[in-house]
Amino acid sequence: MPDGTVLAFDFGEKRIGVATGETLLGSAHPLTTIHAESNDDRMAAIGRLIDEWRPVQLVVGLPTHADGTPHVMTRLATKFGERLQRRFHLPVAYADERLTSLDAEALLRETGRNSRAAKPLLDAVAAQLILQTWFESPSHVTPAQPAA
């Protein structure tokens, strides 16, 4: 993988958390949360981020059951990653996102933010944790097999 910026996404049906990081540094930072009703609006917002950050890699959080088996959101996140790859012609990898939302809530609580104040940051922090997981994995996760 070339050195450069990576954008990571915590995909949700209502919101998409976004984080950024640099391959050379291997550290992730929350960026924003996309609140858009339509897929076209979501992809347009992502396109603007890609134009601004010029990433060399995209990472999508891959939700699974606690035991690692796929569920409905696994398939939706995989489809989202496939759409990103087709539209932006950038490599897309997937990273295990089990418990990232809970970890993000705990991290925000540690900074003294109550749940109401932390809500707008939650998805971006979850994306940060997804990206950090990907950076720290011994071999970056390759595209997942969609749920059957």
- Message: Out of the strands (runs of 3 or more DSSP E) lying entirely within segment 1-102, which hold 1 or more residues that are of a type in the set (Asp, Glu), free of Cβ contacts under 8 Å to residues at least 60 places away in the same chain and closer than 16 Å to Ala127 by Cβ?
- Response: 15-22, 92-96
- Message: Against the condition over 17 Å from Gln128 (Cα atoms), under 16 Å from the mean Cα position of the chain (by Cα) and modelled with pLDDT under 95, how does Thr64 come out, does it pass?
- Response: yes
- Item | Only listed residue being at positive phi and either modelled with pLDDT of 95 or more or within 14 Å of the chain's Cα centre (by Cα) (or both), chosen from Arg54, Arg48, Arg42 | Arg54
- Pick out the one residue from Thr100, Thr78 that is among the β-branched types (Val, Ile, Thr), under 12 Å from the mean Cα position of the chain (by Cα), modelled with pLDDT under 60 and crowded, with 20+ Cβ neighbours inside 10 Å. Thr100
- Of the residues in segment 19-57, those that are crowded, with 18+ Cβ neighbours inside 10 Å, in contact with a Ser or Thr (Cβ under 9 Å, 6 or more places away or on another chain) and either of a type in the set (D, E, K, R) or closer than 18 Å to Thr78 by Cβ (or both) come to Gln57
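The values are calculated or read from the model by the stated rules, or taken from the named source; none is laboratory data. Worth saying up front: this structure is predicted, and the values here are computed from it rather than measured. Don't worry about glycine lacking a Cβ; one is built from the backbone with ideal geometry, like all the others, and counts go over all protein chains shown.
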